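What follows is calculated from the coordinates using simple rules that are stated; it is not laboratory data. The structure presented is a predicted model; accordingly, all values stated were derived computationally and were not measured. Positions of Cβ are backbone-derived with ideal geometry, glycine not excepted, and every protein chain shown enters the neighbour counts.
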Amino acid sequence: MFHKENEEGAPCRHMENHLQRTADGTAPWLVRLYAVAHAAGCPRCSNFLSRMEEMLRQLRATKQAPPEDVMERLANGAWRRQSSVEP
């Protein structure tokens, strides 16, 4: 097999984008299937995928909605009243 058995280090170059898209849920089903199947046999890619999924899970858990007054100011801002933008 072409893979090193070491779990440390970067994922396979040709897999990095597929693994990132799989972790964040934007990969089409066939790409996701390929990435997960590859990671099952490649320790570095498996480690990368699990770390990406955990990092995204933590980021989503800490995501906060902007304060209500900020959203209201943005929705009713002066920039919305302009009919055209002058250069």
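Observations on the model:
- The H on the amide N of Cys12, modeled in the peptide plane, is under 5 Å from the matching H of Cys45, each at least 5 residues off or on a different chain.
- Options Leu56, Pro67, Leu33, ranked by Cα towards positive dipole end of region 13-80, top entry (Cβ charges): Leu33
- Taking Cβ atoms as reference points and 14 Å as the exclusive limit, the residues near Glu54 contribute a net charge of +1, counting Lys and Arg as +1 and Asp and Glu as -1.
- Residues of region 12-45 with an amide N closer than 18 Å to a point placed 7 Å from the Cα of Leu59 along the Cα-to-Cβ direction: 16-28.
- Interatomic Cα distance distribution for region 13-80, bins of 10 angstrom, percent: 19, 34, 17, 16, 12, 1
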